[in-house]
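Undergrad: Attaching a single structure in structure tokens format; questions to follow.
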Amino acid sequence: MESINTFLDQDHSARRILKDKLVLAGIIALSLVTISPIILIISKLVVKGYRQISLDFLIKNTPDSYEAITAVANGEIIPGGIANGIVGTLLMVSVASALAIPIGVLTGIYLYENQGKFMANLTRSVSDILQGVPSIVLGLISYLWIVKHVTMGYSALAGSVSMSIMMLPMIVRSTEETLKMIPQTLKEAALALGVPYHKVLLRVMIPTGFSGLLTGILLGISRILGETAPLLLTALGSSIINLDMTKPTSAIPLLIWEFYNDPNMIDLIWSSSLLLMTMILILNIVSKQIIANRR
Amino acid sequence: MTNTIADIKNPILSIRDLSVAYDKNYAVKNVTLDIKKHAVTAIMGPSGCGKSTMLRALNRMHELYENITTEGQVLLNDVNIFDMPAIKLRRQMGMVFQRPNPFPTMSIYDNVIAGYNLNGIRVKKSQKDEIVERSLQDVALWGEVKDSLLKKGSFLSGGQQQRLCIARALAFNPEVILLDEPTSALDPVATAKIEDLLVKLKENYTIVMVTHNMGQAARISDYSLFLYMGELVEYGKTKNMFTNPKDPRTEQYLTGKFG
């Protein structure tokens, strides 16, 4: 009894509180380290890029080097904008989505319906591997398939195809996972009403899991928005707005690369990056909100 | 073997040698019985005895799962249900599940009319309104929800949701309603409401329900059957079975010796 009492009498609480505080401080410090890159990136982009952002920046094409040199020499803001890149990105992303969403959703449904079967397992594994394929390789493939054989030259279509392959695995996975989360009883309830199976899928399962599907699609889009490597090999770039899928087309990340290679255009790098970053952030926040509302 | 057909004249359902197996394990073995029209028939038995399995065989729900096989015959008004399209059968045999499962994306109105909308059956708006009102009145829910028909069904309480699910099954005017422990997820007040409802509904519908609750079977059913390890042990009028069980296993179950 004596020893227990002396043990209890010893006051360790001060030490424990100190330890607690040290651990907490460590956690806060490491959290700050984790979020600091994104804060530093965004603040750098805002500081360096905001001066260029104006209506002109959104609706005018990229200036040529001569205009840029003149403006820089006179200490003015570089005229023109990146409308050709914005339009090109929207065009290629839309076409990529139009290609990838139906295929991805249908494949996801197939995987959900055939759990544990050989073909489904194989498809799932292949789709996972596809997700790991470097984007430059997808660009090369699209170059071989589309640039060399379909459009006979660099084209927006080739860019879209490489982007859609990149989106595909994300959509497949999110469709399957979303459907798996829907309770089986809901499916049975619809079947018990004598509803044919395809209508159960289309009218009950998909609407119920719609927010999940949408989230997967938005995250897929936000991933391809910033892709540059495959576009260098496929869409190439264009200094004017192009809506022809068979012609070379610009994109925001392509322009950033071009600006980087032209010492007179350096200022435009920051504003273009800021715009691209903002688009991706908005998509991410929207999809996070959708997930939050679903819970 | 006891007389399991229980001398029912003009039965709506005649079950003959019905067996259901999960992989190769039989959960329901050679069940033969007739079910009376416009009556409540209760399926009783301890957990895992095959009650739900048997009920789900009646609207061919097992066909969803590849590892389940069903053998035997079930005649609905003298037509073998395994010979008719599953879709047609299920429209004649509504089903209510253990847990309320209204469609979460649909309003109360759309939930009730879901059978028509999802099947693409075109009905005039006025007729739809009528069906919704009648079905909700049948389940005594109309008064409670008539001002919020366009709200989502998932906002209702558990008991209300279950009545909504019964209304959804009634909207098609099925001949038989199958209920799989419809009150096991509900509180006593909601349970009492559903029980009253079922007694009222048997005037127009034939009700087959699985229940875990012997009191419930005694209160509302006209006929009961006792399943044990997948076999039909006893079947007959509920009154006779509760007062004078013929099989010792039924007696033991009813007196609480197992189950």
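Undergrad: Just to check I understand the Karplus step: with θ = phi - 60° and J = 6.51 cos²θ - 1.76 cosθ + 1.60, what whole-Hz values come out for the range B:104-117, glycine and proline as x?
TA: Coupling constants for the range B:104-117: x, 8, 10, 6, 4, 4, 5, 5, 5, 8, 3, x, 6, 4 Hz.
Undergrad: Which of the GluC sites (Glu not before Pro) across the range B:15-120 are loop residues per DSSP, with 12 or fewer other Cβ within 10 Å?
TA: For GluC sites (Glu not before Pro) across the range B:15-120 that sit outside H, G, I, E and B with at most 12 neighbouring Cβ atoms in 10 Å, the list reads B:GLU66.
Undergrad: Give B:LYS125/B:LYS146; B:LYS36/B:LYS239; A:LYS180/B:LYS88; B:LYS29/B:LYS51; B:LYS51/B:LYS237; A:LYS199/B:LYS37 a once-over and call out the pairs whose C-alpha atoms are over 20 Å from each other.
TA: Those over the limit are A:LYS180/B:LYS88; A:LYS199/B:LYS37.
Undergrad: Name the residues whose placed amide hydrogens come within less than 5 Å of the amide hydrogen of B:GLY72, ignoring near sequence neighbours (fewer than 5 apart) on the same chain.
TA: When sequence neighbours closer than 5 places are left aside, the close amide H contacts are B:SER19.
Undergrad: To continue, here is another question. Once you mark the chymotrypsin sites (Phe, Trp or Tyr not before Pro) that are in a DSSP loop and have at most 16 other Cβ atoms within 10 Å, what is the longest gap between them in chain B?
TA: Excluding the exposed sites themselves, the longest stretch runs over B:66-257.
Undergrad: I've got another one for you. Tell me whether the range B:19-79 comes out rounded, prolate or oblate; compute the Cα gyration tensor, take square roots of the eigenvalues as a ≥ b ≥ c, and use a/c under 1.5 as the rounded threshold.
TA: Since a/c reaches 1.5 but b/c is at least a/b, the shape of the range B:19-79 is classed as oblate.
Undergrad: Could you please state, rounded to a whole Å, how far the C-alpha centre of the range A:175-245 is from the C-alpha centre of the range B:70-87?
TA: 39
Undergrad: Under a point spin-label approximation (7 Å from Cα along Cα-to-Cβ), what is the A:THR123-B:ASP196 distance to one decimal in nm?
TA: 5.1
Undergrad: Could you pull out every one of the aspartates and glutamates with an alpha carbon less than 13 Å from that of B:LYS151, ignoring same-chain neighbours closer than 8 positions?
TA: Qualifying aspartates and glutamates at Cα under 13 Å: B:ASP110.
Undergrad: Then there is this: Taking only C-alpha pairs under 8 Å that are 6+ residues apart, what is the relative contact order of chain A in percent?
TA: 26
Undergrad: Loop-only GluC sites (Glu not before Pro) in the range A:1-109, please: DSSP not H, G, I, E or B, and at most 14 other Cβ atoms within 10 Å.
TA: A:GLU76
Undergrad: Let me ask something else. In the range B:87-169, what trypsin sites (Lys or Arg not before Pro) fall in a loop by DSSP, with at most 15 other Cβ atoms inside 10 Å?
TA: B:ARG122, B:LYS124, B:LYS146, B:LYS151
Undergrad: Another question, then. Select from chain A the helices, each a whole stretch of DSSP H, whose alpha-carbon atoms run 24 Å or more along the helix axis and whose Kyte-Doolittle mean is at least -0.5; answer none if there are none.
TA: A:13-49, A:83-113, A:156-181, A:266-294
Undergrad: Of A:ILE171, B:ILE87, A:ILE109, which has the most accessible area with a 1.4 Å probe, and how do the rest follow in descending order?
TA: The ranking, largest first, comes out as B:ILE87, A:ILE109, A:ILE171.
Undergrad: Let me ask something else about it. Once you have the Cα-Cα distance between A:SER43 and A:ILE27, take 0.36 nm times their residue separation minus that, and quote the gain in nm to one decimal.
TA: Stretched out fully, the A:SER43 to A:ILE27 stretch lengthens by 3.4 nm.
Undergrad: List, in order, the whole-Hz ³J(HN,Hα) value for each residue of the range B:39-47 obtained from phi through the Karplus relation with A = 6.51, B = -1.76, C = 1.60 and θ = phi - 60°; use x for Gly and Pro.
TA: Running phi through 6.51 cos²θ - 1.76 cosθ + 1.60 with θ = phi - 60° gives 9, 9, 10, 9, 9, 10, x, x, 4 Hz.
Undergrad: With every protein chain kept in the model, how would you rank A:LEU275, A:LEU140, A:LEU40 by accessible area, 1.4 Å probe, largest at the top?
TA: Putting A:LEU275, A:LEU140, A:LEU40 in descending order of accessible area: A:LEU40, A:LEU140, A:LEU275.
The values are calculated or read from the model by the stated rules, or taken from the named source; none is laboratory data. All of these numbers come straight from a predicted model, not from anything done at the bench. So basically every Cβ, Gly included, is an ideal-geometry build from the backbone, and we count neighbours across all protein chains shown. The accessibility values were calculated without ligands, DNA or RNA, using every heavy atom of the protein model including side chains. Shrake-Rupley method; radii C 1.70, N 1.55, O 1.52, S 1.80 Å.
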